[in-house]
1. Please enumerate the residues belonging to the range 414-456 that are closer than 30 Å to Lys273 by Cβ and touching a helix residue (DSSP H, G or I) at 6+ places or on another chain (Cβ under 7 Å).
2. Considering each residue of the range 246-290, count those that are of a type in the set (Val, Ile, Thr) and either surrounded by fewer than 24 Cβ atoms within 10 Å (Cβ to Cβ) or at positive phi (or both), and give that number.
3. Taking the range 74-99 on its own, how many of its residues are modelled with pLDDT of 85 or more and surrounded by 14 or more Cβ atoms within 10 Å (Cβ to Cβ)?
4. So, of the residues in the range 105-145 that are in a loop (DSSP other than H, G, I, E, B) and at pLDDT 85 or above, which turns out to be farthest from Leu87 (Cα to Cα)?
5. Kindly indicate whether Ile247 is closer than 21 Å to Phe405 by Cα, of a type in the set (Val, Ile, Thr), assigned to a helix (DSSP H, G or I) and touching a helix residue (DSSP H, G or I) at 6+ places or on another chain (Cβ under 7 Å).
6. Report, by residue number, each residue of the range 129-148 that is buried (at least 18 other Cβ atoms within 10 Å of the Cβ) and of a type in the set (Lys, Arg).
7. Within the range 74-127, how many residues are without any contact (Cβ under 8 Å) to a residue 12 or more places away in the chain, of a type in the set (A, V, I, L, M, F, W, C) and under 30 Å from Leu25 (Cα atoms)?
8. Give the residue that is surrounded by the most Cβ atoms within 10 Å (Cβ to Cβ), with candidates limited to residues of the range 428-449 that are among the aliphatic types (A, V, I, L, M) and within 16 Å of Gln387 (Cβ to Cβ).
Amino acid sequence: MQESIASSTSHLNTESRWSSVGRMLGIVILLWVLAQFVVLIAAGFLDGNLDGDFGPLDGTLIIAGTLCSAPLVVFLLFIRRPKLEHLIIAEPTPEGQHIHSLPNSKILQTPVPTRIRQFIVRSRHPLRVPVAKHLWMLFLGGVVISSVAFAPLLVDSTNTMFILLALFVAIPAWLVGFSTPVFAWWSFSSSRFHLSTTRQQGEAMLIAGMLSTFPAIIINSFIAPGAVLFVSGGNASASLVENIIVIVSAPVGEEICKALAVFSLAGLIDSKKRGFQVGFTVGLGFALLENLQYILFSLFAGEVVALSYGLTTVVRGIGSIPGHAMWTACSGYAIGHILEQRKQTQQIPDVTRWDLTNPLNPSSSNNSPSVAQYTQQSFFSKSSNLQLPTSLPVMLGIAMFGHAFWNGSSVLMSYISRSLNPVLGLIAELVWIVILITLLWTLGRFVIAAAMEEQI
């Protein structure tokens with residue numbers, strides 16, 4: 001017997017695709033502020049005098065950080081509370097009626113006698129994000145306009161009008177620069193991976209990635225420097241400590257933290273393919289909070305802010321951000337395999353036919369469409385013969401190696417460029433960045449294709 005379903009989902013056609021972007025933009029700024037207080041608490045426990053070495057304990061920092069962070073945590077939990085909806089089902093029955101009164105002075109008329117059943121359910125709205133092309137256009141337009149506005153400072157950094165123009169553009173440039181490339185990659189993954197995802201699930205993945213930056217910051221800011229100074233007896237130079245953090249601590253600590261964030265979403269993962277998607281999105285969430293800080297720092301480059309901002313936003317937009325996503329996706333793929341094996345022991349009903357019903361148009365019921373119907377040809381949609389490892393230690397190791405190679409080779413190239421003519425040094429660094437991005441995109445193409453060819 002076919003059911004006619006009506007619910008509070010009518011706004012799906014009118015809800016802006018940008019609403020998810022707006023919500024996540026507000027949440028990332030909230031979490032960035034919260035991260036500063038978390039760092040304050042960590043400093044109180046691990047490095048009270050902020051000298052880079054372990055100790056002493058400072059209760060004042062701990063109490064201050066806790067008091068300041070508590071209301072932010074409460075507010076975050078409030079805005080992330082489960083969304084409930086009023087679901088109304090008109091069920092055919094000979095004892096029913098043809099006309100029913102619905103909430104908000106609405107009337108439901110059915111062609112056959114029906115009875116009304118009402119439920120309060122969690123929101124299952126599908127994830128809707130702007131088209132990636134539109135986000136990239138916004139990103140490139142924002143970067144170009146902002147860089148042009150900053151450019152006069154290269155000529156005269158003391159001119160009051162030039163300074164005021166730069167200050168006027170700074171905040172919009174920051175918002176567009178750090179967020180739009182992440183959301184563009186989010187849109188890309190949502191459309192290319194062909195996995196049904198609700199708005200709550202998609203946002204939860206990003207938030208988990210953002211939260212994974214908290215332990216990573218503590219590792220890179222306190223634990224790693226303290227460990228290096230402890231092992232060296234306090235004789236390690238600042239540059240050595242910094243290089244170890246960038247080349248060793250960041251790849252190892254960050255990839256472990258992101259993998260744990262993927263594990264925290266185990267309830268969403270039932271296959272390697274889904275694990276890959278969750279890992280990819282968690283990596284984007286991590287990059288979103290990290291990118292916020294990098295772009296912010298680029299705006300304090302003085303008279304060269306145009307170059308600093310332009311290069312940082314572009315390189316991170318097409319390199320570091322998808323890098324974080326791909327590295328974590330590898331770990332997520334292996335985690336998906338582990339969870340897939342566990343869930344295979346559960347009884348699965350024998351279903352020979354699946355029918356899909358659009359609650360906004362029940363008459364449009366049909367068989368589940370194949371993925372091929374929605375496949376869009378792109379650089380990342382090519383087939384692949386690559387067989388991805390399913391071992392978590394192997395995939396986590398690959399993620400760490402890729403991250404370490406990106407950071408380590410960039411550090412090495414910066415040292416090499418310092419011995420060259422400034423112009424040649426800049427060209428050498430830019431060429432190497434292009435090589436890294438080309439390698440990332442080429443390998444990413446095959447990895448994504450291999451992961452998406454897995455059967456659910």
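1. Leu436, Ile437, Leu440, Gly444, Val447, Ala451, Met452, Glu454, Ile456
2. Keep residues of the range 246-290 that are of a type in the set (Val, Ile, Thr), which gives 246-248, 252, 256, 262, 269, 278, 281-282.
Still in the list and also either surrounded by fewer than 24 Cβ atoms within 10 Å (Cβ to Cβ) or at positive phi (or both): 246-248, 252, 256.
Final tally of qualifying residues: 5.
3. Summing the residues that are modelled with pLDDT of 85 or more and surrounded by 14 or more Cβ atoms within 10 Å (Cβ to Cβ) in the range 74-99 gives 8.
4. In the first step, residues of the range 105-145 are kept if they are in a loop (DSSP other than H, G, I, E, B); the result is 105, 123-125, 127-131.
Now narrow it down to the ones that are at pLDDT 85 or above: 127-131.
Working: Leu127: 19, Arg128: 21, Val129: 24, Pro130: 27, Val131: 29 Å.
Checking each candidate, the answer is Val131.
5. Details: closer than 21 Å to Phe405 by Cα: yes; of a type in the set (Val, Ile, Thr): yes; assigned to a helix (DSSP H, G or I): yes; touching a helix residue (DSSP H, G or I) at 6+ places or on another chain (Cβ under 7 Å): yes.
Taking the combined requirement at face value, the residue satisfies it.
6. Correct list: empty.
7. We begin by selecting, within the range 74-127, every residue without any contact (Cβ under 8 Å) to a residue 12 or more places away in the chain; these are 74, 77-78, 81, 99, 101, 104-107, 109.
Then keep just the ones that are of a type in the set (A, V, I, L, M, F, W, C); that gives 74, 77-78, 99, 107.
Filter again for under 30 Å from Leu25 (Cα atoms), leaving 74, 77-78.
Here the count works out to 3.
8. Going residue by residue through the range 428-449, those that are among the aliphatic types (A, V, I, L, M) are 428, 430-431, 433-437, 439-440, 443, 447-449.
With the extra rule that they be within 16 Å of Gln387 (Cβ to Cβ), the set shrinks to 443, 447-449.
Values: Leu443: 13, Val447: 20, Ile448: 25, Ala449: 16.
Here the answer is Ile448.
The values are calculated or read from the model by the stated rules, or taken from the named source; none is laboratory data. Keep in mind the model is a prediction, meaning the values are calculated, not measured. Note that we place each Cβ from the backbone using ideal geometry, even for glycine, and neighbour counts take in every protein chain shown.
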